[in-house]
Amino acid sequence: MSNQKYTRKFIVLTVLLLGLIAAYLTIESNGNWAFILPLRGKKLAAFLLVGMTSAISAISFQTLTQNRILTPSILGLDSLYVLFQTSILFLFGSGHQLVVNRELNFLISVVLMMLASLFLYAVMFKKRGHHLYFLLLVGMVMGTFFRSMATFMQVLIDPNEFDHLQSKLFASFNNIDTSLLVISCVICFVTLLFILPELKYLNVLSLGRDQAINLGVDVSKVTIKLLLMIAVFTAIATALVGPLLFLGFLVANIAYQVFQTYRHGILFIGASLIGMIALVGGNLIVEKVFHLETTLSVVLEFVGGIYFIILLLKERKGEA
Amino acid sequence: MDIQKVSKSYGEKMVVGNISIPIKKGAITAFIGPNGAGKSTLLSMMSRLLPKDTGAIYIDGNEVKAWKQNELAKKLSILKQSNGLNLKLTVRELVAFGRFPYSKGRLTQQDQDKIQEALAYLELEEMSAQMIDTLSGGQLQRAYIAMVLAQDTEYIFLDEPLNNLDMSHGVQMMKTFRRLAKELGKTVVIVIHDINFAASYADEIVAMKDGQLFAKGTTEEVIQKDILDRLYEMDIRVVTVDGKQFCLYFN
């Protein structure tokens, strides 16, 4: 496909996104600009950031694993985040510096999740050969373990503290933690700079691990960098809007369909735009059509889940 | 290229045991042997796809591990049995990946020339704009080999390159390898199942069985009834037609 065609698709998606943003900012504003713009603007920024980070980390993860129905949340990193938040509240109480100072809390979470991804990498390569499925299995088991631990502690916690946990530490689409916006943007930008030189290696990696080695790519180094990036991006998305299961998977696959290319630069931009559209548009629908009777995560999980099943069935048919 | 005392085990099972062989430069060397002999494993170790347990593999005097990844990719290429890719890629784009060690994705005019040359060499020019998921197995195999050609390395390792190819394309492929060795001085190592292809086109043959070196030598030395019978544990007739050796094993 020629570059012009990609550009045209980018323009269509961008116009769509801008339209949705305009609608989101202006609908039922009743002229209260001073009040509405900062409020909605912050929420909007979070949507855009989450749309981009989930899209990019999902595509990178899928290229890394050579599997288009996986989502990074299989690594259990978001569960680790939830466990960390629950533990500090459980151990230190709601007045502690770690709970009150959101930035500090966030930075520690990011570091923790990066360490966890390095641990997963070590597990993967200590084993003879490159047992990617072993890594996924370990991630899944650990994720379940972290979630169970977190639930266990939540049950024991004082109800007032739990309330605090709910509202402050676990973000959701209706309760976006905007205090972390600035630091998230900065970290996201730095991570992008760090990952940009790897784009060309990602293209080669989509041919498979053996081919990438044959073509002189240091696969271990690229894998570590990508896993770190996925950890950071998962941390950002989870901190801002809470754990997301299907969003990355959904937008990545739509981007593959729309752009029909192996070039990750194009896929990253395209999927990010699609992710942003899904979040801003979905939120509009939830707020204005369903009048908040359902949540955006429910809608996303529902649509993503259906798409996931369709893809599974299609893959099975293709191989039979 | 020199292989010294290379071994590889999976748990208790030794798949390649203590093999030492020099690989002759500018010639076609064929690895033959029954299934599970460790031929592909050895080839994977020679091309750093698999780490070896013991031993050393030297390329131009340096151990494979000591080479910079990117430099090695300009020296040595490997094509494994490939399974289909779920990728949106044209034939030309696939072949262009062969230039990655040189250009890191930004193709120069020289890269374009090499790509064109490789496409022509394998008669893929007409389908160069076709998506690879529309190709037949044999066409895809040829596209991959064109990619290896575009990589333009001194050493070319191929794991069962004749898979999916019909007789005519198989012969053509072997002739291509021969030209690469004779005209361009490339060192070609292939793992091959059809011993008649090995007998007709290879200069050197390395026979492996149960992870051990079974026999090695020139093609005439190895294609002998007593060696092949013991190697494959079957009754094989070796006949000479027009000065070439042929193995008849349908009985």
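The values are calculated or read from the model by the stated rules, or taken from the named source; none is laboratory data. The shown structure was predicted, so the numbers you read here are calculated from the model rather than taken from an experiment. Here the Cβ positions follow ideal geometry from the backbone for every residue, glycine too, while neighbour counts run over all protein chains shown.
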Single condition residue A:87 does not satisfy, out of (1) among the small types (Gly, Ala, Ser); (2) within 18 Å of residue A:251 (Cβ to Cβ); (3) surrounded by fewer than 16 Cβ atoms within 10 Å (Cβ to Cβ): (2)
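Based on this model, can you work out whether residue B:145 counts as touching a Pro at 6+ places or on another chain (Cβ under 7 Å) and either of a type in the set (D, E, K, R) or assigned to a strand (DSSP E or B) (or both)?
Values: touching a Pro at 6+ places or on another chain (Cβ under 7 Å): yes; either of a type in the set (D, E, K, R) or assigned to a strand (DSSP E or B) (or both): no.
In short, no.
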Residue check for residue B:72: in contact with a Pro (Cβ under 9 Å, 6 or more places away or on another chain) and either part of a loop (DSSP other than H, G, I, E, B) or within 14 Å of another protein chain (Cβ to nearest Cβ) (or both): yes
Flag if residue A:148 is surrounded by 15 or more Cβ atoms within 10 Å (Cβ to Cβ), assigned to a helix (DSSP H, G or I) and among the small types (Gly, Ala, Ser): no
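Could you pull out the residue among A:94, A:117 that is away from chain B (no Cβ under 14 Å) and in a loop (DSSP other than H, G, I, E, B)?
A:94
When residues of the range A:234-268 are filtered for being under 22 Å from residue A:303 (Cα atoms) and in a helix (DSSP H, G or I), how many remain? Reasoning before the result, please.
Looking only at the range A:234-268, we keep the residues that are under 22 Å from residue A:303 (Cα atoms), and these are A:234, A:237-238, A:240-260, A:267-268.
Applying the additional criterion that residues be in a helix (DSSP H, G or I) yields A:234, A:237-238, A:240-241, A:247-259, A:267-268.
Here the count works out to 20.
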Residue selected from the range A:216-240 under the condition facing chain B (nearest Cβ under 9 Å) and buried (at least 24 other Cβ atoms within 10 Å of the Cβ), by the criterion farthest from the chain's Cα centre (by Cα): A:216
Every residue from the range B:40-69 that is assigned to a helix (DSSP H, G or I), more than 26 Å from residue B:137 (Cβ to Cβ) and within 10 Å of chain A (Cβ to nearest Cβ): B:69
Verdict on residue A:5 being in contact (Cβ under 8 Å) with a residue 40 or more places away in the chain and either basic (Lys, Arg) or surrounded by fewer than 18 Cβ atoms within 10 Å (Cβ to Cβ) (or both): no
Only one of A:39, A:44, A:49 that is touching a residue at least 12 places away in the same chain (Cβ under 8 Å), aliphatic (A, V, I, L, M) and surrounded by fewer than 22 Cβ atoms within 10 Å (Cβ to Cβ): A:44
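Only one residue in B:96, B:66, B:37, B:56 is crowded, with 17+ Cβ neighbours inside 10 Å, in the same structural domain as residue B:218 (by TED's automatic domain parsing) and either within 20 Å of residue B:163 (Cα to Cα) or not basic (Lys, Arg) (or both), so which one is that? Please lay out each step first, then the result.
Details: B:96 fails: in the same structural domain as residue B:218 (by TED's automatic domain parsing); B:66 fails: crowded, with 17+ Cβ neighbours inside 10 Å; B:56 fails: crowded, with 17+ Cβ neighbours inside 10 Å.
Exactly one of B:96, B:66, B:37, B:56 is crowded, with 17+ Cβ neighbours inside 10 Å, in the same structural domain as residue B:218 (by TED's automatic domain parsing) and either within 20 Å of residue B:163 (Cα to Cα) or not basic (Lys, Arg) (or both), namely B:37.
Any idea how many residues of the range B:182-207 are part of a helix (DSSP H, G or I) and of a type outside the set (Lys, Arg)? Don't jump to the end; show me each part of the working.
First, the residues of the range B:182-207 that are part of a helix (DSSP H, G or I): B:182-184, B:195-201.
Filter once more, keeping what is of a type outside the set (Lys, Arg): B:183-184, B:195-201.
Residues in the range B:182-207 being part of a helix (DSSP H, G or I) and of a type outside the set (Lys, Arg): 9 in total.
Answer yes or no: is there a residue in the range B:96-113 that is away from chain A (no Cβ under 14 Å), free of Cβ contacts under 8 Å to residues at least 40 places away in the same chain and touching an Asp or Glu at 6+ places or on another chain (Cβ under 9 Å).
From the range B:96-113, those away from chain A (no Cβ under 14 Å) are B:108-110, B:112-113; that's our starting set.
Remaining after also requiring free of Cβ contacts under 8 Å to residues at least 40 places away in the same chain: B:108-110, B:112-113.
This time we only want the ones that are touching an Asp or Glu at 6+ places or on another chain (Cβ under 9 Å), so: none.
Checked the range B:96-113: no residue is away from chain A (no Cβ under 14 Å), free of Cβ contacts under 8 Å to residues at least 40 places away in the same chain and touching an Asp or Glu at 6+ places or on another chain (Cβ under 9 Å).
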Residue pairs meeting the criteria (Cβ under 7 Å; at least 6 apart or on separate chains; first at the interface with chain B (Cβ under 10 Å from one of its Cβ atoms), in the range A:189-209; second hydroxyl-bearing (Ser, Thr, Tyr)): A:203/A:262; A:206/A:63; A:206/A:262
